[in-house]
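The values are calculated or read from the model by the stated rules, or taken from the named source; none is laboratory data. Keep in mind it's a predicted model, so treat the numbers as computed, not measured. Because the Cβ atoms are built from the backbone with ideal geometry, glycine has one as well, and the counts that use them run over all protein chains shown. Ligands, DNA and RNA are excluded from the accessible area calculation, which covers all protein heavy atoms including side chains. Shrake-Rupley method; radii C 1.70, N 1.55, O 1.52, S 1.80 Å.
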Amino acid sequence: MSLFPPEYLDARARYRAFMEEHVYPNEAAIGREDDDAQTLLEELRGHAREAGLWAPHVPPEAGGTGLGFLYYACLNEEIGRSAYAQLVFGCQAPDAGNAEILHLFGTEDQKERFLRPLVAGDVRSFFSMTEPEVAGSDPTLLRTRAVRDGDEWVVDGHKWFSSGADGAAFAIVFAISDPDAEPHRRGTMILVPADTAGVEVVRPVPVMGHTGRGWSTHCEVRYTGVRVPVANTLGGEGDAFRLAQKRLGPGRIHHVMRWLGQMQRAFELMCRYANEREAFGGPLAGKQTVQNWVADSAAEIQACRLLTMDAAGKIDGGSEARVEVSLLKFYAARVLCDVIDRAIQVHGARGLTDETPLAAMSMMARGARIYDGPDEVHRMVVARRILRSFADGDGWTFS
Ligand SMILES: Cc1cc2nc3c(=O)[nH]c(=O)nc-3n(C[C@H](O)[C@H](O)[C@H](O)COP(=O)(O)OP(=O)(O)OC[C@H]3O[C@@H](n4cnc5c(N)ncnc54)[C@H](O)[C@@H]3O)c2cc1C
């Protein structure tokens, strides 16, 4: 019996057919990130819209084709297999998470100005929270300030790792608006159009040797006397921490869903190659070390799938699933890195070349253990909640 309802599997089969026809054959061309790649991407996005496969992360009332988290998890076992497919289907990070938060908390005017063009794929956005000077793991330390001046916010600050800021139309900026409030009421999220005076995308920060372009950048951004109307406040004043949880919860599980696709692709490459390649009198598949890698990977991937379905089902049911999402985030990030690494090792030197997607997958995967909260912080969240529950005399029930 499958983990997903038959109608979800039918939808996934449509995505698979599209990936085979349009995405895999064009991966190398898109990966060159030049002008031709941009043109090609636009063409493929057009095909995805025509095929009714556009924006599966948000529901039809927000302009998408989504049916909830479990549905999206199911599709991502296919979409996640290629790093570029999220762009082709209009559900790329960080826009997907930003769309989610705008859909949940935006005013009608904000939805019209920011959400509608975002989901339509006419513009991109970025999420500007992390700062080079302070530990991003602890947002109570953030320094970017937003000060009220009449009907305007004046924002000053210095951010980095604002993914996709190069060429984006607007940012959701996390700024400290009331430094004297209790720590988790100090921050406000503000929608800042990128062409506002004082917004400077300083540079894409090269990450593991990759500078990127447009969507694939991680930028340093300065905000100097940036004035936007108070009407650009997302949620309420002081709500940034609450919204960050809402923004990052879905964002994190979206990441993990894509990793499921990456893990499975690496696993398949490892198994096929292990059967093909021969050394010391027989195929690599006959060596116990390789068999251990295959068995461990199979067990860990299935565990990640089950944890994802569990968390996705709970979010669909209205829960924030804080423990489930944190647990999944650190566990799956580790499995992702391990499975890709084993697959590279089985391929020997070929695993480091661009003859397979493994080297690029490995480069992208390493960040998984850091972005949207490092492993250690998620372990802390999980352990604290469980231990508090024991301290309160409730113990812990695996639901
Ligand atoms: C590829 C990528 C994309 C990103 N995209 C975005 C984006 O779009 N927008 C954005 O705002 N940010 C983004 N980030 C930033 C990311 O969210 C931060 O890097 C992350 O929150 C950690 O913050 P930091 O880098 O300042 O590390 P720090 O907070 O300085 O932590 C450094 C290390 O300290 C350790 N540590 C921290 N706390 C604890 C603890 N309690 N116990 C034990 N050890 C601990 C961890 O090992 C951690 O890796 C991105 C990062 C990457 C790598």
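Before moving on, here are some points about what is shown:
- Failed item in (1) surrounded by fewer than 24 Cβ atoms within 10 Å (Cβ to Cβ); (2) hydroxyl-bearing (Ser, Thr, Tyr); (3) under 18 Å from residue 186 (Cβ atoms), with residue 128 passing the rest: (1)
- Where strands (runs of 3 or more DSSP E) fall entirely within the stretch 122-201, none has at least 2 residues that are free of Cβ contacts under 8 Å to residues at least 24 places away in the same chain.
- Looking only at residues of the stretch 131-141 that are in contact with a helix residue (DSSP H, G or I) (Cβ under 9 Å, 6 or more places away or on another chain) and under 22 Å from residue 101 (Cβ atoms), we find that the one that is farthest from the ligand (Cβ to nearest atom) is 140.
- Selection status of residue 322, open to solvent by less than 60 Å² (accessible area, probe 1.4 Å) and more than 22 Å from residue 59 (Cα to Cα): no
- Residues (of a type in the set (A, V, I, L, M) and either more than 19 Å from residue 372 (Cα to Cα) or open to solvent by 30 Å² or more (accessible area, probe 1.4 Å) (or both)) located in the stretch 131-175: 135, 141, 146, 147, 154, 155, 168, 169
- Residue list for the stretch 355-369, filter: free of Cβ contacts under 8 Å to residues at least 40 places away in the same chain and either assigned to a loop (DSSP other than H, G, I, E, B) or away from the ligand (no atom under 16 Å from the Cβ) (or both): 355, 359
- Note on the stretch 158-174: among residues that are on the phi > 0 side of the Ramachandran plot and touching a strand residue (DSSP E or B) at 6+ places or on another chain (Cβ under 8 Å), the one that is nearest to the ligand (Cβ to nearest atom) is 161.
- Within the stretch 380-395, the only residue that satisfies the criterion of being more than 12 Å from residue 327 (Cβ to Cβ), open to solvent by less than 40 Å² (accessible area, probe 1.4 Å) and not in a loop (DSSP other than H, G, I, E, B) is 389.
- Contact map, the stretch 370-381: residues that are in contact (Cβ under 8 Å) with a residue 24 or more places away in the chain paired with residues that are part of a helix (DSSP H, G or I) and open to solvent by 80 Å² or more (accessible area, probe 1.4 Å), Cβ distance under 9 Å, separation 6+ or inter-chain. Pairs shown: 375/334.
- Qualifying positions in the stretch 102-120 - buried (at least 23 other Cβ atoms within 10 Å of the Cβ) and either over 15 Å from residue 54 (Cα atoms) or more than 16 Å from the ligand (Cβ to nearest atom) (or both): 102, 114, 119
- Matching option when the condition is out of contact with any Leu (no Cβ under 6 Å at 6 or more places or on another chain) and at positive phi, among 93, 51, 55: 55
- One residue stands out in the stretch 183-193 among those that are more than 14 Å from the ligand (Cβ to nearest atom) and more than 15 Å from residue 236 (Cβ to Cβ): the one that is most open to solvent (accessible area, probe 1.4 Å), namely 183.
- Applying the criterion of being surrounded by fewer than 20 Cβ atoms within 10 Å (Cβ to Cβ) and of a type in the set (S, T, N, Q) to the residues of the stretch 200-246, the residue that is nearest to residue 325 (Cα to Cα) is 245.
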